[in-house]
Amino acid sequence: MNRKTKILLVGAAIGGGLAAGGVYLSNNTPYDDVYMNRLDIITFVREIYGHKDTPTWEIVVDVPDNPPQEKWNTQHNMPQLITTIQNPDHGLYTMNMNGTDVRLLFTAKEIGGNIEIKGLSRPSRSPDGRYIITAYRPKAFQYNCVIFDLKTRQAQQLGPGRCQSFDWQADSQAVYFTGGQSWQQALRYDVTTGTTTPLSPPPKSELGELNYDTDFVGGRVSPDGKHLIRQLRYDAIQRVADSKNQGVFTLPNMEYLGRKAYYTKECDSGQAFSADHGTFTCNIIGDTFSYYRFDTPKVVAGIAPQRWIVQEGQWFMSNNRHLITRLRQPGENSPLSAVRYTYTGKGKGKGPLNVIIGYFSMSISQNLRDDYNRRDFSAFFPPLPSPDMYWESTYRQLDAQSKGGERG
């Protein structure tokens, strides 16, 4: 095998995951054959061929033919990945962040179509775990909005059109979102009454040069639940010609408090909020993203390698791939500053050998919310290699190369 062919093969293995790899379980020996095989590939690619991109570690998700149903009030010991799985019903599933314990939330048949996980249209689970709101497709190029009750197993249709940008009340009794037949509309759904209410200011509100129905888009609720922040449309921003590009309204009466520069200009194109809604990134497209804390929304708190923040400064989720990035933390001694975990579905029993996992949304159960950013989830994943282990693997690869071998 020539050098060029070897580079192509190794590049494919590192980018798409190794077929022989397996999911890391916390009760496995940390440095078993699967671990060492993956580390050998990483050191081979990085140190011998000089490819210094963030290394990829494959997680194989074992998907049962009939995954158990998720109980609405289940308490978890790590964040949950919410995703679609073609197994074969295109339903919505939840699993631990390390790819274990796949459970069914609901099937596509139960809500009337295929679930949408794209952009800001990502399923959102209520803080108490009982409800999930999502956009879905009853047919091609058509979208509806639905909320599903995991306790009663009932779906409540919220109307036609894609819904997105979900903000739950802390008590899980209502959810704010945008969408419907007009993608600009801001709405509130009350789970206790089963009613959807359009959010708009009182008829005689003084909005100055602005029109509420045509000049505002989107809408996010402040962490204290007291205000709705809506973005000015691009043409409205051009008219007002200053940096106050958001309108702020009180909740629930929608009194207009005026235009403010609530976010930075970078955020005019939208925000992606973390699982605990404490932080958010801006810029829809990019290789890295500035992120901000909601209590200081105009001060850059850090740089995120992915659009969605799982845990500030530690874990991040890709916008359009089933991929989680973990950053090395202070006190961890490793040559690797970050690792990307990719997820590959594998059927069990009589099911298909390979199952397709969709993009990710994220939820955290109530028992994890206190001191969430101080929690350490790294123990559920393969440990980062120590310098001794990393360089021992590298020297073994070099020794094999010098003796004419393919890889040590």
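The values are calculated or read from the model by the stated rules, or taken from the named source; none is laboratory data. Not measured: the values here are computed from a predicted model. For neighbour counting, all protein chains shown are included, and Cβ atoms are generated from backbone atoms with ideal geometry for every residue, glycine included. Accessible surface areas use protein heavy atoms only, side chains included; no ligands, DNA or RNA. Shrake-Rupley method; radii C 1.70, N 1.55, O 1.52, S 1.80 Å.
Some points to look at:
- Residue count for segment 212-232 under the criterion of being surrounded by 14 or more Cβ atoms within 10 Å (Cβ to Cβ) and assigned to a loop (DSSP other than H, G, I, E, B): the result is 3.
- The residue of segment 367-408 that is nearest to N77 (Cα to Cα), among those that are in contact with a helix residue (DSSP H, G or I) (Cβ under 7 Å, 6 or more places away or on another chain) and of a type in the set (S, T, Y), is Y390.
- Where a residue in segment 254-267 is closer than 20 Å to L199 by Cβ and open to solvent by 30 Å² or more (accessible area, probe 1.4 Å) and its partner, wherever it lies, is in a helix (DSSP H, G or I) and among the hydroxyl-bearing types (S, T, Y), with Cβ under 9 Å and at least six apart: Y256/Y212
- Search result, residues across segment 278-293 that are in a loop (DSSP other than H, G, I, E, B) and either surrounded by fewer than 15 Cβ atoms within 10 Å (Cβ to Cβ) or touching a Ser or Thr at 6+ places or on another chain (Cβ under 7 Å) (or both): N283, I284, I285, G286, D287, T288
- Some residue of segment 202-212 being closer than 26 Å to D171 by Cβ, touching a strand residue (DSSP E or B) at 6+ places or on another chain (Cβ under 6 Å) and modelled with pLDDT of 90 or more: no
- Any chance T84 is of a type in the set (V, I, T), part of a loop (DSSP other than H, G, I, E, B) and either in contact (Cβ under 8 Å) with a residue 12 or more places away in the chain or surrounded by 22 or more Cβ atoms within 10 Å (Cβ to Cβ) (or both): no
- Listed by first and then second residue, the pairs linking a residue in segment 57-72 that is over 27 Å from S126 (Cβ atoms) and part of a loop (DSSP other than H, G, I, E, B) to a residue that is of a type in the set (S, T, Y) and open to solvent by less than 70 Å² (accessible area, probe 1.4 Å), with Cβ atoms under 6 Å apart and 6 or more places separating them unless they lie on different chains, form an empty list.
- Identity of the residue in segment 268-277, open to solvent by less than 50 Å² (accessible area, probe 1.4 Å) and among the small types (G, A, S), that ends up nearest to R239 (Cα to Cα): G270
- Selection from segment 123-154 of residues that are out of contact with any strand residue (DSSP E or B) (no Cβ under 6 Å at 6 or more places or on another chain), modelled with pLDDT under 95 and in a strand (DSSP E or B): K139, Q142
- Selection of strands (runs of 3 or more DSSP E) fully inside segment 297-375 by the criterion of at least 1 residues being polar (S, T, N, Q) returns 308-311, 323-327, 338-347, 354-363.
- Selection within segment 294-304: residues that are under 16 Å from D268 (Cα atoms) and open to solvent by less than 30 Å² (accessible area, probe 1.4 Å). The member of this set that is modelled with the lowest pLDDT is F294.
- Some residue of segment 139-146 being under 20 Å from V175 (Cα atoms), in contact with a helix residue (DSSP H, G or I) (Cβ under 9 Å, 6 or more places away or on another chain) and open to solvent by less than 10 Å² (accessible area, probe 1.4 Å): yes
- Some residue of segment 243-250 being of a type outside the set (S, T, Y) and open to solvent by 70 Å² or more (accessible area, probe 1.4 Å): yes
- Residue list for segment 169-211, restricted to those being out of contact with any helix residue (DSSP H, G or I) (no Cβ under 7 Å at 6 or more places or on another chain), buried (at least 16 other Cβ atoms within 10 Å of the Cβ), assigned to a loop (DSSP other than H, G, I, E, B) and in contact (Cβ under 8 Å) with a residue 24 or more places away in the chain: Q169, S172, G180, Q184, V191, L199
- Only residues that are surrounded by 15 or more Cβ atoms within 10 Å (Cβ to Cβ) and in contact (Cβ under 8 Å) with a residue 24 or more places away in the chain were counted across segment 324-337, and they come to 7.
- Residue-level analysis places S243 among those that are farther than 12 Å from W308 by Cα and either of a type in the set (A, V, I, L, M) or touching a residue at least 12 places away in the same chain (Cβ under 8 Å) (or both).
- G331 being under 17 Å from the mean Cα position of the chain (by Cα) and at positive phi: no
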